[in-house]
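In what follows, a single structure is set out as structure tokens and then discussed.
The values are calculated or read from the model by the stated rules, or taken from the named source; none is laboratory data. For clarity, every value in this text was computed on a predicted model and none was experimentally measured. Quick reminder, even Gly has a Cβ in these numbers, built from the backbone with ideal geometry, and neighbours come from all protein chains shown. We work out accessible area using only protein heavy atoms, side chains counted, and drop any ligands, DNA or RNA first. Shrake-Rupley method; radii C 1.70, N 1.55, O 1.52, S 1.80 Å.
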Amino acid sequence: AAAATDVGGGGGDGEDSADASDAEYLSDAAFEPGAFLSTTSFSVILDAEPIDVREPLRFFRSYFVDGTFTRKYRAERGDSELEVGVWKPHTTLHMVRELTYRSPVKATIGPSSTRVAETQRYHISKRCFTLESLQMFLDVPYSDYFRVEQRWQVVGARPGPCKLTVEVGVVEVV
């Protein structure tokens with residue numbers, strides 16, 4: 001059996017049931033995977049089981065509700081000029097937010113950094129949290145021909161900890 005991966009913040013001491021304040025995050029609507037991302041061939045970059053969070057909503061609250069984790073993650077990556085928008089309702093994509101930042105480029109050609117425009121959407125049910133993102137690298141040569149798509153998925157299983165999977169794909173934009 002794998003050891004628990006401590007992803008910080010929302011670990012297992014509290015209740016595992018949703019309360020009335022959770023209603024603004026939870027969705028009864030069906031999740032439509034093809035409504036936002038277009039790639040069907042992701043590469044799994046993280047498959048952690050179990051993680052030290054006992055329900056998907058707790059993971060969302062610990063890492064994505066207010067942008068604190070995003071700011072820390074982007075700073076540790078060396079990104080700068082970060083602006084994190086607020087989550088807003090969307091007619092077909094549930095909840096979305098926009099991020100912009102400058103990211104270092106480690107390629108031998110092109111600029112040493114690039115502006116990035118990222119759109120994120122999330123969907124949460126009682127047993128699954130999915131965060132999807134589209135990233136456009138605005139200053140990289142030929143960047144108008146591709147985008148990077150990511151999917152973070154936290155799936156809860158009773159009893160026990162959740163499973164976190166992170167996938168990434170590069171999509172040609174025609």
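Here the accessible area is traced with a 1.4 Å probe on the protein chains. For region 90-174, carbon and sulfur cover 60 percent of it.
In terms of packing, defined here as the mean over residues of other Cβ atoms within 10 angstrom, the peptides 110-116, 80-86, 150-156, 58-64 line up highest first as 58-64, 150-156, 110-116, 80-86.
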